[in-house]
Amino acid sequence: MSRIIRPVESFIYRILRIDPLEEMNWRKYVTCLLAVNILGILLLIVILMLQKYLPFNPQKLPGMSFTLAFNTSIRPSISNYKNLLIIYK
């Protein structure tokens, strides 16, 4: 499996200019964690708002309003962070 995945991984690292030997400090880790979560929330908001136009919608559900899509997409992230805070107390 490594023979197949290693070239793909190296290619992605080269495109994104990532040094696989460089260690990540806590500030960079938190920045990346927040960036990925924010991008995921934004993507989910767009999907929920455009649900009416997307394929695989057999019930013909309409798209959500921005406030409902925002609330639906942000709640799991907040819950995950709360759980982390409880675990590490």
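Taking each residue of the range 10-23 that is among the small types (Gly, Ala, Ser) and looking for partners that are surrounded by 10 or more Cβ atoms within 10 Å (Cβ to Cβ) with beta-carbon atoms closer than 9 Å, six or more apart or interchain, yields nothing. Inside the range 30-68, can you point out the residues that are of a type in the set (Phe, Trp, Tyr) and surrounded by 11 or more Cβ atoms within 10 Å (Cβ to Cβ)? Result: Phe66, single match. Residues in the range 29-42 include at least one that is more than 30 Å from Phe66 (Cβ to Cβ) and modelled with pLDDT under 90. Note on the range 1-23: residues that are exposed (fewer than 10 other Cβ atoms within 10 Å of the Cβ) and either at pLDDT below 90 or assigned to a loop (DSSP other than H, G, I, E, B) (or both) amount to 10.
The values are calculated or read from the model by the stated rules, or taken from the named source; none is laboratory data. Remember, predicted model here, so these are calculated numbers, not experimental data. So basically every Cβ, Gly included, is an ideal-geometry build from the backbone, and we count neighbours across all protein chains shown.
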